[in-house]
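Beneath this line is the structure, given in structure tokens, with notes to follow.
The values are calculated or read from the model by the stated rules, or taken from the named source; none is laboratory data. Only a predicted model underlies this, so the values are computations on that prediction, with no experimental measurement involved. All Cβ positions, glycine included, derive from the backbone under ideal geometry; neighbour counts span all protein chains shown. Accessible surface areas use protein heavy atoms only, side chains included; no ligands, DNA or RNA. Shrake-Rupley method; radii C 1.70, N 1.55, O 1.52, S 1.80 Å.
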Amino acid sequence: MRAAVSLSWVMFSRKVGNGLIPINKEASMQLQYAYVLQQLIPLITFHDDEKFEIELESGVRANGRSREIDLLFRGQIGNQNHVIAVEMKCYRTFAASGGKRGATDIFMKGVYEDLHLLEQYISEGVAQEGVALVMSDMERLVQPSSKDSKCWDYDISHGASFGPIQLTTPIGGREVNINLSRKYSLDWINYGSFWFLEAQGENV
């Protein structure tokens, strides 16, 4: 299951980067990635009693609050179950409406928030694994010339390594409290005019 998540991401990334799949916002990213993953399910099914299910915007309870996981990938064989939670982020220079987007600092913070949520899902037994998938056409977020502004406390650049860490740097005038107990190393790949990231925390 975990290998299928990664392979689907590589296939999705290459198709998007080469213009075969148009992605203009997170919703289309979720739908198209789920479609690619769905096509792999027959290839990872080896027993009659194996069952796999993909659910988008799956409603769960975590830390006493209602949440929606972007994609929940469930597998079952006999009495054994395995669940992978996937959170996705898409940031394009131009929004689907055609206007130029701002608020890159909120996007960067949002990546860290997704990692925090994935850790919650694991610690509360919602999922056994958590994976963050991120795409952007803004190269300066991946390969910045400098990291002077405060938003770089939420470093998402290629090669960034962090965790365990607690972040409280306010973004957009709002207080922030993000705690990550796992270790992360970010490794972006480039296809066409897009950059793609797959991140999963490691136990310390």
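Enter the accessible area per residue of the chain (Å², integer; probe 1.4 Å; all protein chains in place). Don't skip to the end; give the middle numbers.
Details: 10550 Å² over 204 residues.
With all protein chains present, the chain gives 52 Å² per residue.
What is the distance in Å between the Cα centroid of region 109-141 and that of region 177-204?
Going from one Cα centre to the other spans 8 Å.
Given the options Leu133, Leu72, Leu43, which has the most mean-square fluctuation in a GNM of the chain, springs set between C-alpha atoms less than 10 angstrom apart?
Leu43
Please check: in the Gaussian network model of the chain (C-alpha springs, under 10 Å), which one of Ile54, Ile165, Ile23 has the largest mean-square fluctuation.
Ile165
Given a 1.4 Å probe and every protein chain left where it sits, what share in percent of the accessible area of the chain is carbon and sulfur?
On the way: 4860 of 10550 Å².
Here carbon and sulfur together make up 46 percent of the probe-accessible area.
How large is the accessible surface of Val204 in square angstrom, using a 1.4 angstrom probe and rounding to the nearest 10?
Its accessible surface works out to 130 Å², give or take rounding.
Net charge within 15 Å of Arg174 by Cβ-Cβ distance, Lys/Arg positive one each and Asp/Glu negative one each, not counting Arg174 itself? Could the numbers behind the result be given before it?
Values: positive: Lys109, Lys150; negative: Asp105, Glu113, Asp153, Glu175.
Its environment carries a net charge of -2.
If Lys and Arg each add +1 and Asp and Glu each add -1, what is the summed charge of the other residues whose beta carbon sits under 11 Å from the beta carbon of Ala62?
Working: positive: Arg61, Arg65, Arg67; negative: Glu68, Glu119, Glu124.
Value of the local net charge: 0.
Please report the orientation-averaged projected area of the chain, defined via the convex hull of its C-alpha atoms, in nm². Walk me through the numbers before you get to the answer.
Values: hull surface 48.7 nm².
In nm², the orientation-averaged hull projection of the chain is 12.2.
Looking at the chain as a GNM with Cα springs under 10 Å, which of Ala160, Ala127, Ala103 has the largest mean-square fluctuation?
Of Ala160, Ala127, Ala103, the most mobile in the Gaussian network model is Ala103.
Measure up Lys150/Lys183; Lys25/Lys51; Lys109/Lys147; Lys89/Lys183; Lys51/Lys109 against 24 Å on the Cα-Cα distance and list the ones that go over.
Numbers: Lys150/Lys183 21 Å; Lys25/Lys51 30 Å; Lys109/Lys147 15 Å; Lys89/Lys183 20 Å; Lys51/Lys109 36 Å.
Over 24 Å Cα-Cα: Lys25/Lys51; Lys51/Lys109.
What is the local net charge at Leu71, summed over the other residues whose Cβ is closer than 9 Å to its Cβ (Lys, Arg +1; Asp, Glu -1)? Write out the running numbers ahead of the final one.
Working: positive: none; negative: Glu55, Glu57, Asp70, Glu87.
Taking every Cβ under 9 Å from that of Leu71, the sum is -4.
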